[in-house]
Amino acid sequence: MATIALFIARLLNIYSFVIWIRILMSWVNPWPQPGSITYYMSILVDPYLNLFRSRNFRVGMLDFSPVIGIGLLSVVQSIFQIYGIYGRMTLSLIVCLFIQAFWSYGLSIFFTFGFILLVMKTIASFTPNSAFGMAMGRVSGFTEPLTDWIRRTFFRSRFAKESTVSLISLLIFAVLYFVCRYCFGLLYSLALRIPF
């Protein structure tokens, strides 16, 4: 049974690799022609990825639904691999794997993406009339909820410069990242204490 579990884990690992290649190839060739390698990859991969496609996982033109699919596949692959190596699986390990996947494939990507946008917006706020500043004004929809909350909370009755709001948003986002990281570490350690 352990050998079969390890074999399934390896197959899932290869399938994850094919999904990543398909995602990268879709940026170059979004509509593959019949008979091409990307066409056969799409036949193999797209039915699985379509299970996770939703407008809720889109930010502008970026679609994060494949990351959710890969995260779930990673959890299942890890379960088979752990069972194949140790010959048993506990509820504690399964919960830990889901916590780790939610952080790795969900929140950490969200925080990385948000942090990059906030840094770019902060740089653009110091040069609002440059081409970079104008371009960032168009793509800052992701950061608007946070910056609007900053304006309402800290600058309710007075005007605040965009650079000040951007710096405070960046600071609060960084603090929120470390708080979430600590909470997930705490959840992980508590999940390890599940007795079965």
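Every number here is computed from the coordinates shown, using simple stated rules; none is lab data. Just so it is clear, the model here is predicted, and its values are computed rather than measured. Every residue, glycine as well, gets a Cβ built from its backbone with ideal geometry; the counts of neighbours run over all protein chains shown.
Computed from Cα positions, the angle between helix 91-102 and the longest principal axis of the chain comes to roughly 40 degrees. Note on 103, 149, 31: ascending count of other Cβ atoms within 10 Å places them as 31, 149, 103, the fewest first. Kirkwood radius and radius of gyration were both taken over the C-alpha atoms of segment 94-196, and their ratio Rg/Rh is 1.13.
Residues 182, 83, 188, arranged from fewest to most other Cβ atoms within 10 angstrom of their Cβ, appear as 182, 188, 83. Its Cα centre serving as origin, segment 1-89 has a Cβ charge dipole (Lys and Arg +1, Asp and Glu -1) of approximately 140 debye.
Between the residues 157, 119, 167, the greatest Cα displacement towards the positive end of the dipole of segment 94-196, with unit charges on the Cβ of Lys, Arg, Asp and Glu, is found for 157. The charge dipole of the chain, taken about its Cα centre with unit charges on the Cβ atoms of Lys, Arg (+1), Asp and Glu (-1) only, comes to about 420 debye. Based on alpha-carbon atoms, the Kirkwood radius and the radius of gyration of the chain give Rg/Rh equal to 1.08.
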